[in-house]
Structures are given as structure tokens and as C-alpha cells.
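Working notes for the structure below.
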Amino acid sequence: MLALSGVGVVGVVGGLGFLTYVRATPVPFWVPSTPTPVPTPGPKRLIVDASGSGDYKTIASAILSAKTGEIIVLRPGTYKETLTISKDVRIVGKGGRSMVIVEGAPDAHVFNFTSGSAALTGLTIRHTRGPGGRDLGAIDVTGGTPMIEDCDLTSSASVVSIHGARANPTFLNCTMRDSFGPGLLVFDQGQGIIEKCVISGNTNQGVVIRTGGNPVARDCEIRDGKAQGVSVFDQGQGTIEKCVISGNTLSGVEICKGGNLTVRDCQIRGNRNEAVYVWDQGQGTFTGNTLAGNARGAWNIKSTAGKVVRTGNVPNA
């Protein structure tokens, strides 16, 4: 009997001339292989190490070299630099914000954002005022839409300043604390979203909004300041929602001189003056807030105030 692999088998049975045919399983001549997927490369990572063992020794040199979308990784350490950012790059502290400290010079803001949509994540940023130093801060935003997330911010003056009609940053899960000035200052048509931040222990107000500033603060704690929790004046505007404003030395919220603030679903409690003080053409809309335990009561609405709308607050008189 003759047999060939992969083809039929023909045989002669018993010498009688009968033919039999047995079909075998065919073996393909060619089996296509599955191509190995080629991984899509992620953003380039530039490593900064103050000791000199990374790609760069300074943050400034990495920013200068970085292209749009690249990630600058800061290894643990202290970086004494002042930085201006107008590129769409991401700066990340390795090991979390307690491990990476960026400390600016006395005569400059630590980070200046002028345009673009850069991001900072996981840093401690602090400004210390030297002898005769100017009142400068940890972060100054004059343009762009930067994202600052999970950073600890301290300063000898305003911790964060947002100003100019092109400035619209986002701060998420940050602390703005222990400054000689306010924790957050928004002015000259600056905007911004401040979300899930703690603004505490500042020598002046927790939040100051003036001259057309118009931010939104949401799910924040504004507490333990040495003046008002939130102060809005000189045509400042803004929205404060779902925040806790507590333990401040003066009023929880003060509005005057043409300021106009919307406050909703907040707890304004335990402040050493009244919860809300409105005077000198200040205006406001207060909806669904709880005002409790303030040393001078819930409301102080002067006869010089503008229109104040109160709906669904506890108490509401």
C-alpha cells in the first residue's frame, strides 16, 4: 500500500484488484502567523535629579528642552529655582509631595504660568521672603489653563495669585496655607476652578476676590485664617459651593464695594464674627447654606448693602 502524508491513500486489497481510498486530514501548505502588536510609545519622560544623576540637574533646563506633551519627573530632593512655564508639559514629583520641594528665590514667584496648559502634580512649593524681599507667592498665573494637583503650597505673601483675563487655572486637592497674605488672590478678570482644596492658617483672608476676578471654589475647606474666610470687593465676583468656611477670626464671608458673590450649599460655622457680612454696595445670593455657631450670629446685612437674596438657608433671618 502506498501512503503519502497529507493526501488520499490508494491500496490494492487481497490481490483482487479492488481499490480502496482513505481520506487523510489535509495539512496546509502555509499557516499565516499572527503579527505581534507594536506598542504605541508613551510620552517621553525627562528625569531631573538635583544630584546630577538624571537627564537634567535643574527643572529649568528640563523645561527648556521639553517638547509638547512630555513628562518631567522630579526625583526626591530640594530644588531652589524660580520657573516660568508657557509649554504644555507635565511636571511630576516622584514619591509624592512630601518628597519633592521646589523653593523659590525671595524676589520672584516660584512658578509663573503665562500660557498653555501645563500640569504640576505631587510637589511642595514654597516661597520664603528674604530681607527686603517683595511680597511674592508660590504660584502666579497670568495666562493659560494649567492644572495644579496634589501640591502643598506655602508663601510669605499670597500663596496663589490668579490675574488677567487669560488666566483660568484649576487647582485640585491642594493646600494653600500659612502665608503672610491671603491663601488665594483672584483679581483683574482672573478666573479659575478651586476644587477639594484646603485653604488654612493664612495671616490675611483665606480667599480674596476683587477687580473683576471670578473664580469657582467647590468642595473646599476655608478655615482658621486671621481675617475673613472669603472677602469680595471692588467688583469682584465668584461662586463658592459645597465649602466649609470655619474658624476664621473675622466674618466667614464679607462682601462690599460692589462685590457680588454666589454662595450655595456651604457650611459657614464657628467664625468669630458673623457668618455673612454685607455692606457698602455689596451684593450676594445665598442658597441652601447652614450658618451655625458664629460668635456674632448668622447675618449682618447693613443698610448700605445692595441686593442680597437668601433662600433655604438655616437660619434664614
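Structure values in brief
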{"read-out": "Of residues in segment 94-117 being of a type in the set (A, V, I, L, M, F, W, C) and part of a loop (DSSP other than H, G, I, E, B), the one modelled with the lowest pLDDT", "value": "105"}
{"read-out": "Those residues of segment 283-317 which are surrounded by 12 or more Cβ atoms within 10 Å (Cβ to Cβ), small (Gly, Ala, Ser) and over 17 Å from residue 251 (Cα atoms), in sequence order", "value": "288, 306"}
{"read-out": "Count - residues of segment 73-93 that are closer than 18 Å to residue 151 by Cβ, under 17 Å from the mean Cα position of the chain (by Cα) and either aliphatic (A, V, I, L, M) or not in a strand (DSSP E or B) (or both)", "value": "4"}
{"read-out": "Listing of strands (runs of 3 or more DSSP E) fully contained in segment 249-307 that carry 1 or more residues being within 20 Å of residue 202 (Cα to Cα)", "value": "253-255, 267-269, 276-278"}
{"read-out": "Residue that is farthest from residue 189 (Cα to Cα), among those in segment 151-176 that are out of contact with any Ser or Thr (no Cβ under 7 Å at 6 or more places or on another chain) and among the small types (Gly, Ala, Ser)", "value": "161"}
{"read-out": "Count - residues of segment 160-203 that are of a type in the set (A, V, I, L, M, F, W, C), under 19 Å from residue 114 (Cβ atoms) and assigned to a loop (DSSP other than H, G, I, E, B)", "value": "1"}
{"read-out": "Hey, residue 230 touching a Phe, Trp or Tyr at 6+ places or on another chain (Cβ under 9 Å), at pLDDT 95 or above, crowded, with 24+ Cβ neighbours inside 10 Å and β-branched (Val, Ile, Thr) or not", "value": "no"}
{"read-out": "Residue, surrounded by the fewest Cβ atoms within 10 Å (Cβ to Cβ), within segment 57-72, restricted to residues that are aliphatic (A, V, I, L, M) and not in a loop (DSSP other than H, G, I, E, B)", "value": "64"}
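Residues are listed down the side, and each one gets a yes or a no for (1) among the acidic types (Asp, Glu); (2) in contact with a Phe, Trp or Tyr (Cβ under 8 Å, 6 or more places away or on another chain):
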{"position": "144", "(1), (2)": "no, yes"}
{"position": "150", "(1), (2)": "yes, no"}
{"position": "155", "(1), (2)": "no, yes"}
{"position": "164", "(1), (2)": "no, no"}
{"position": "171", "(1), (2)": "no, no"}
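The values are calculated or read from the model by the stated rules, or taken from the named source; none is laboratory data. Values in this document were obtained by computation on a predicted structure and should not be read as measured data. With ideal geometry, Cβ positions are generated from the backbone for all residues, glycine too; neighbour counts draw on all protein chains shown.
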